[in-house]
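To keep things clear, I will list the structure first and then write my remarks on it.
The values are calculated or read from the model by the stated rules, or taken from the named source; none is laboratory data. Just so it is clear, the structure is predicted and the values come from calculations on it, not from any experiment. Using ideal geometry, Cβ is built from the backbone for each residue, glycine included, and neighbour counts are taken over all protein chains shown.
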Amino acid sequence: MAYTLSPVLEPPDSEQGGGVANQWTLNFGPQHPATHTTLRLVLELDGERIIRCTPHIGYLHSGFEKLGEHLNYNQYVTIVDRMDYSAPIYNELAWHGTVEKLLGIELTPRCKVLRTIAGELGRIQSHLLCVGAAGLDLGAFTAFLFGFNEREAIWDIMEFMTGQRFHTSWTRVGGLNMDLPDEAVFKTLVKKFINESLPKATTDVETLLNKNRIFVDRTKGVSAISREDAIAWSLSGPMGRAAGVRRDIRKDEPYLCFADNWDGRGAAAVDFKVPVMTTGDVYSRYLVRLEEMKQSANIIRQLIDNIPAGSVNVSPEGKEVLPPKDQVYGSIEGLIQQFEMIMWNRGFEAPNGEVYGCIESGNGELGYYIVSAGGNVPWRARCRPCSFINYSVFPKLIEGHTISEVVAVLGSINVIAAELDR
């Protein structure tokens, strides 16, 4: 059953003689559809009004971070893929971006552009799911279909880019697993998506929900949080920006093509706007995500016809990447390097030290903290997960609201269970 109720006995009152108050404890989930079998909310109710909420997590704990101590810096990409599985490519960009920061590796211009495009496709992918599911949780099933159909189009592009449809495992230390199989076909697929499919889908969602009386009444003014509280709770991404927090890693700590001179020849950073609102409610989080999809499409438009030539991987002389096939087949040094990295699992050795790196994912600041004791395996690997940080404020957001508003608030946070529990 999704719900279980039990009465809560108040302490006896000396004047009134004690008794049973109109207070109940309700278990919301983990079997409830809106909690996806991974979240349990213990709600204390006064009638239908929530006076206290205690979240229980850990239903999907997989030991992802501990596995980082047993897999080398390239193998671990298959694990981070499975954290925020709504847009796996972001986990890869964050992980290998941090490893490259530890090693002091500067990526090639071609790799930076391809990673940036893939990251913005991932942002759109994440927001399509969140916006669609937010409508679905409130009964607007059609909105979910509008978002999910376009996610399939992104999966098609990802499959073409990486060779895999879902858990792409595309990035590698110093580059990518593979270059584009056909650049012209890739450009055609991406342009069709950002210029035709996506604008139609966002327009359909806006037409269906933006002025829908039921949707607006159930989201506008619900679970509002102030800018000061958002900062105090370390909220980031759409959760923070909907409350007036202007921080965006792409602007404040630029990486890849978001940094000036990203190609080594003085190229300017890509131009985009960061949507910010001040009301901090469910409706504003929805609107921020809609606008971010449009901005992501604009970023991709600036890059898609300006993909530099050259290699997607840094020079193999540093032993961090696999050598080109002509070196493997034509020189003993290339053959040995290939053999060591693939068969012996030796590869490169990282320097001693610790590093934190982060990117702006669809849900906010996604970062990794690595402690290296030398060798090709981290001594410690920790994740700064958006879902865990953003979900921690849920008891405050839902306090004073009714049971029916739980699904609306929960959907606006976009909690991904594998990233929450790790």
Taking the range 27-40 and keeping residues in contact (Cβ under 8 Å) with a residue 24 or more places away in the chain and out of contact with any Gly (no Cβ under 6 Å at 6 or more places or on another chain) leaves Asn27, Phe28, Gly29, Pro30, Gln31, His32, Pro33, Ala34, His36, Thr38
Being under 25 Å from Glu106 (Cα atoms), assigned by TED's automatic domain parsing to the domain that holds Glu120, assigned to a loop (DSSP other than H, G, I, E, B) and within 19 Å of the chain's Cα centre (by Cα): is that true of Pro308 here?
no
I'd like the residue in the range 52-79 that is without any contact (Cβ under 8 Å) to a residue 40 or more places away in the chain and of a type in the set (A, V, I, L, M) and, out of all such residues, is surrounded by the fewest Cβ atoms within 10 Å (Cβ to Cβ).
Leu67
Would you say Thr116 is among the hydroxyl-bearing types (Ser, Thr, Tyr), in contact (Cβ under 8 Å) with a residue 24 or more places away in the chain, buried (at least 17 other Cβ atoms within 10 Å of the Cβ) and at negative phi?
yes
Inside the range 371-405, can you point out the residues that are of a type in the set (A, V, I, L, M, F, W, C), surrounded by 23 or more Cβ atoms within 10 Å (Cβ to Cβ), more than 17 Å from Asp81 (Cα to Cα) and in contact with a strand residue (DSSP E or B) (Cβ under 6 Å, 6 or more places away or on another chain)?
Ile398
Across the range 78-124, which residue is farthest from Pro378 (Cα to Cα) among those that are more than 13 Å from the chain's Cα centre (by Cα) and acidic (Asp, Glu)?
Glu106
For residues that are surrounded by fewer than 19 Cβ atoms within 10 Å (Cβ to Cβ) and touching a residue at least 60 places away in the same chain (Cβ under 8 Å), scanning just the range 138-162, find the one that is farthest from Ile300 (Cα to Cα).
Gly139
Test for Gly334: is it assigned by TED's automatic domain parsing to the domain that holds Ile105, surrounded by fewer than 16 Cβ atoms within 10 Å (Cβ to Cβ) and touching a Pro at 6+ places or on another chain (Cβ under 8 Å):
no
Within the range 316-411, which helices (runs of 4 or more DSSP H) (wholly inside it) include 1 or more residues that are under 30 Å from Leu128 (Cα atoms) and in contact with a helix residue (DSSP H, G or I) (Cβ under 8 Å, 6 or more places away or on another chain)?
386-391, 394-398
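Listed here are the residues, each with its yes/no results for (1) in contact with an Asp or Glu (Cβ under 6 Å, 6 or more places away or on another chain); (2) closer than 22 Å to Gly132 by Cβ; (3) not assigned by TED's automatic domain parsing to the domain that holds Glu292.
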{"position": "Lys200", "(1), (2), (3)": "no, yes, no"}
{"position": "Val222", "(1), (2), (3)": "yes, yes, no"}
{"position": "Ala243", "(1), (2), (3)": "no, no, no"}
{"position": "Arg246", "(1), (2), (3)": "no, no, no"}
{"position": "Arg250", "(1), (2), (3)": "yes, no, no"}
{"position": "Tyr255", "(1), (2), (3)": "no, no, no"}
{"position": "Ala269", "(1), (2), (3)": "yes, no, no"}
{"position": "Met277", "(1), (2), (3)": "no, yes, no"}
Please determine whether any residue of the range 97-109 is without any contact (Cβ under 8 Å) to a residue 40 or more places away in the chain and either assigned by TED's automatic domain parsing to the domain that holds Ser311 or part of a loop (DSSP other than H, G, I, E, B) (or both).
yes
Report those helices (runs of 4 or more DSSP H) wholly inside the range 153-225 carrying at least 3 residues which are within 30 Å of His401 (Cβ to Cβ) and touching a helix residue (DSSP H, G or I) at 6+ places or on another chain (Cβ under 6 Å).
198-209, 213-219
